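**Q** Just dropping this structure here.
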Amino acid sequence: MKVTKCVWQFHDKNTELHPVFDYFRYCTNEAIRIGSQKKITSKFSLHEELYYKLRSDFVAKFVYGALECAAAKLKQYKKAKRKNPDARLPYVWKNMLCLDNQIYKIENGILRFPIKPKQYCYIRLNSYVLEQLENTKLGSITITSNKLVISYSKEVTEKEPENFSSIDRNLDNATRRSGKTILTCTMDM
């Protein structure tokens, strides 16, 4: 069975990444604005509509991440709008980056990803993160002002439990299940 997990650590590259955060936030909010006007929620349709408009001297892969983030926010907005017609259009305020697994590289315990063409940011990963990422397939990375979150997937063997115990608390009784036995206690109020 394939399992997807995340591992995170703090970093100190906020000042170095500040212009990239601003660019990513601009791209995401612009995609949300235009996507809501033209009623586009698919990341592929957003890409066709906005990719060449949003490209700049930053790495073009940031636009992919921003469009993916905007598409997710637009889908949430569309769902919220059905329940509440007064729902507000989403807006990204926080500093963040979403990097797919083709834009970064981990070598010798150091995460490397481009900021601009031929200009890279380097973050040393701690031993716990490297241990968790060993023998896994790396996924996307989300970077905030002080934290980076790396998603990964790996194959695990599924196990049948030999013994288990669960408790179900209701308003008027409590039921405990242990293995194949069930015990119910009624509460008088």
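**Q** For segment 126-140, check the following and say yes or no: at least one residue is of a type outside the set (A, V, I, L, M), closer than 30 Å to Ile34 by Cα and in a strand (DSSP E or B).
**A** Yes, segment 126-140 contains at least one residue that is of a type outside the set (A, V, I, L, M), closer than 30 Å to Ile34 by Cα and in a strand (DSSP E or B).
**Q** Being among the acidic types (Asp, Glu) and not in a strand (DSSP E or B) is the filter; apply it to segment 145-176 and report the residue that is surrounded by the fewest Cβ atoms within 10 Å (Cβ to Cβ).
**A** Only one residue tops the list, namely Glu160.
**Q** Could you check how many residues of segment 56-70 are more than 17 Å from Tyr104 (Cβ to Cβ) and buried (at least 18 other Cβ atoms within 10 Å of the Cβ)?
**A** Going through segment 56-70 one residue at a time, the tally reaches 2.
**Q** Note down all Cβ pairs under 6 Å where the first residue falls in segment 39-65 and is touching a residue at least 40 places away in the same chain (Cβ under 8 Å), the second is in a helix (DSSP H, G or I) and hydrophobic (A, V, I, L, M, F, W, C), and they're at least six residues apart or on different chains.
**A** Every condition considered, the pairs that remain are Phe62/Phe24.
**Q** Return yes or no: is Pro85 without any contact (Cβ under 8 Å) to a residue 40 or more places away in the chain and part of a loop (DSSP other than H, G, I, E, B)?
**A** yes
**Q** Given Lys53, Lys78, Lys73, which one is part of a helix (DSSP H, G or I), charged (D, E, K, R) and surrounded by 15 or more Cβ atoms within 10 Å (Cβ to Cβ)?
**A** From the options Lys53, Lys78, Lys73, the qualifying one is Lys73.
**Q** Turning to a different aspect of this structure: Of all residues in segment 148-171 being among the hydrophobic types (A, V, I, L, M, F, W, C) and at pLDDT below 90, which is farthest from Gln102 (Cα to Cα)?
**A** Among residues in segment 148-171 that are among the hydrophobic types (A, V, I, L, M, F, W, C) and at pLDDT below 90, the one farthest from Gln102 (Cα to Cα) is Leu171.
**Q** Kindly indicate which of Ile103, Ile110, Ile115, Ile34 is modelled with pLDDT of 95 or more and not aromatic (Phe, Trp, Tyr).
**A** Checking each option against the conditions leaves just Ile110.
**Q** Anything in segment 98-125 that is closer than 19 Å to Leu17 by Cα, free of Cβ contacts under 8 Å to residues at least 12 places away in the same chain and assigned to a loop (DSSP other than H, G, I, E, B)? List them, or say none.
**A** Within segment 98-125, just Lys118 meets the criteria.
The values are calculated or read from the model by the stated rules, or taken from the named source; none is laboratory data. Just so we're clear, the structure is a prediction, and the values are computed from it rather than from any experiment. Cβ: placed from backbone, ideal geometry, glycine included. Neighbour counts: every protein chain shown.
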